[in-house]
Each structure stands twice: as structure tokens, then as C-alpha cells.
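The values are calculated or read from the model by the stated rules, or taken from the named source; none is laboratory data. Being a predicted model, the structure only gives us computed values, none of them experimental. Positions of Cβ are generated from backbone atoms using ideal geometry, with glycine treated the same way; all protein chains shown enter the neighbour counts.
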């Protein structure tokens, strides 16, 4: 019986039989190599593609709604029940509201807006929101935007004027104290809030976008990380926040110059982002999560997820952020408890693990950010393209002034051009340089693994046949 031999097609059957019978070890080695190659390529393909399980958008939605149900437990009125709205202005409540509204754009948040407006007016009657932390303004501004409100005219101050949370918390913050008084995160969230509102900075402002970008860039450490305070130790959370703040500026080629320890440095936003991503990749833990001060926690992991999605990076595919087959999303999901909430940290005794308010709120924001990315929606902090309750003129009373200032920003090298600054059609564009796709190498690995496996099986069958003769 004549058999077609896959390896040595130029040898006839008689020579093949003689060679195999004279040296069975060589033939066995061929089979082993083929099977090992198949196993290796299959494993490589799995590593390239990502973790063992790829989350679908519906799974993330269910996990996010689990947080909402946990936060609204004890009531049938949903998240924006009376008791929850009474806590408007509290960090945990505000971040939960932001995450929920970004998960479900268009959700009726009027009750929360009303309670939040009352809180802001009460604080302004007593002076202002906060003398030390500028992020109080930023967080509340983002909550107003997410809920469909206008942070540039949110309530009435003691003197009867409209309260402008954006002005008071960002470009005119100097009338209270420095934006960076609480740390680098003050500059980061000022830029995030300013861009989220699409606000135009007046000529008389104490700070403009250039100042904020420069302050963030000059805070970066040599290893690519960002500290909470300039010159201090690296911090995962602040590094991820800096990436989110700089994300809209990653295509800007302008170099910013600054002095550190008597030496002049120049850096573009894109360079800073790439260095930060490299450092974050290096410090990712084996389970896919991240730590702060040596302790793995949900909040740090959530911030990294939001940083990746702000750049258009798929956190389930980018090889830089996969450890032992675990993605950053896998790392975050470790912290979800049976009640739907997320724990701050995981203790060795699982009975001690409990859902935490701030950890759950930040995890909700991260899950909403990934969900929005998977659904083709704008990035988490891009509000203007989806805020149908407010037209462009709501944000800027003087359209001519907006046009003029936008032109000034573009001429000075700032990333926000006229269209980006005040159009309701603003969309988050994905950066081809930073976005990572599986690529043909993944599929090639699968194909070669299959071919190697088939060849190994054929060789085995041929040897078995020959052995019977």
C-alpha cells in the first residue's frame, strides 16, 4: 500500500520505510518537535491575545449595575433615591453619580442635580467649596456635566451672581490658592474638567491650558511616573490621572520646556504619555491589578483602566498590560464582592473583605469607561458630544469671544483648536500610534500551531502504518 508522505515528498515509499526502520529515534524526534511546536505556538497565541476570558460589553454592564444595586440597596427607587441625593457633594456619591450617568447617558439625574446645586450654594454662602483642594470644584463640575447640567452657571452666589465652577476651580483658582497646592492631581483634574466642559479660557485668567500642561509635564519623574507632590515618590494613581489629563493632547507636537534641578528639559505630551505607559506596564502585578504604597487595590487599578481607555487602548488586548494572561480588567474584577460592590483591598481572610464606597465608585467609572469604548461611544470625560440638554451657546455666552480665544490657543500651540474647544460634535479620536490590535501575528500563530499539530499526527499515523507491515 502506498502512502503519501508529508515531509519528504521527493522520496519514494521504499526509501522512506527503510529510513524509518533504520532510525526510529529520528522519526520519533520529528513527532515530538511538531507536537511541542504546536503547543508552544498555541500558548504564544493565547498570550498575545490576552487573558483566558475576554469580557463582553454585556458582562461589564452587569458588573457595573451590580455596583449600582449595591449602592442603592435598601430602596426600590434606584440610585438617585432621596437618601442618595441628600449626599450630593460627597466624593463617594459624586463619583457614583458620574459613573452611573456615563454608563447610561440620558438617565434622569435631575433630582441629584437639584441636591448638588443646593450643596454648592450652601458652601458658597459660607465662602467657597474648599480652600485647600481644588479637586472639590473639579469633581463637582464633572458630576454636573455627567448629569446634564451646566457647571459654568450652577446656582447663585451670595452676591447674586451665577456660580461658575469651571472658572473658580480651574483658570481663576488663584483667587483662592494654587491649583497645585494639594498635589499634581490638582493640575490634572483642572485640565480634565476644563476640557470636559469645553470651556474657553479668557485672556485675564490666572492659568490657561498651557500652564496646566506645563505643570503636569514638569512633574514627571525620570522613570516616566508621576508623584503626588513634585519630586516625591512615584504613584500609580497620579500617573494614570496625568495620562488622562494629557490624552486629548497626545497629537500635539509642541515641546514644552521646564527646569528641574538646574537642568532644562523639553517634552511633548505624547512623549510623557509613552513614558508613563511604559512605567505603568512595568509595575503591573501578576494578577493584572496595581498597587499604591505596596498594597494592591481597586482604585489604582481602576485609574489605570481609565487611562488606557482615554487613549483608545483596548485593555484586554494590549500586550504591555497583560501579566500571566491577566489583563487590567481581570485585575479589577478580582475586587468585586458577592453583594456587587468592590473592595478597597483583598485580605488573606476572605471573610474580612467588604465592599467599599470609594472603591466601588471608582470601579464603576472604570467599567463605564471600558463599556463606552466597546460600544463605540466617546471617552469617559468627553461630555459635549452627548450632552443634548445644553447647546454650544449654553457653555459660551459670547460666541465671538470663544472663536477669538480658540484661535489664540491654536496659535500658541495648545491642542484645543476652534472645533475641539466649543463644538457639540466633539468626538474622541483613537490614536493609531497608541492603539494596539491583535495583529496578524496572533492569527499566524494559531495557523502554524494547527499545521504543526496536523503534521505531527500524520507522522504518527504513517509510522503506525509502517510498523504494521
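Filtered by the rule that a residue be in contact (Cβ under 8 Å) with a residue 24 or more places away in the chain, in a loop (DSSP other than H, G, I, E, B) and more than 15 Å from residue 62 (Cβ to Cβ), region 332-366 gives 334, 335, 344, 345, 346, 356. When 64, 38 are checked against the criterion of being at pLDDT 50 or above, under 30 Å from residue 338 (Cβ atoms), outside any loop (DSSP other than H, G, I, E, B) and in contact with a helix residue (DSSP H, G or I) (Cβ under 6 Å, 6 or more places away or on another chain), a single residue qualifies: 64. Among the residues making up region 333-378, a single one is at positive phi and in contact with a strand residue (DSSP E or B) (Cβ under 9 Å, 6 or more places away or on another chain): 340. Looking only at residues in region 316-331 that are part of a strand (DSSP E or B) and either over 15 Å from the mean Cα position of the chain (by Cα) or at pLDDT below 95 (or both), the one that is surrounded by the most Cβ atoms within 10 Å (Cβ to Cβ) is 326.
Of the residues 56, 107, 77, the single one that is farther than 19 Å from residue 306 by Cβ and at pLDDT 95 or above is 56.
Restricting to region 334-352, count the residues that are closer than 21 Å to residue 281 by Cα and either surrounded by fewer than 22 Cβ atoms within 10 Å (Cβ to Cβ) or at pLDDT below 95 (or both). Total meeting the criteria: 2.
When the test is whether a residue is assigned by TED's automatic domain parsing to the domain that holds residue 198, free of Cβ contacts under 8 Å to residues at least 24 places away in the same chain and in a helix (DSSP H, G or I), residue 58 passes it.
Across region 230-258, the qualifying residues are those that are touching a strand residue (DSSP E or B) at 6+ places or on another chain (Cβ under 8 Å) and without any contact (Cβ under 8 Å) to a residue 24 or more places away in the chain, and the one among them that is farthest from residue 321 (Cα to Cα) is 257.
Looking only at region 168-182, which residues are modelled with pLDDT of 95 or more and closer than 21 Å to residue 95 by Cα? Once the filter is applied, which keeps residues that are modelled with pLDDT of 95 or more and closer than 21 Å to residue 95 by Cα, region 168-182 yields 168, 169, 170.
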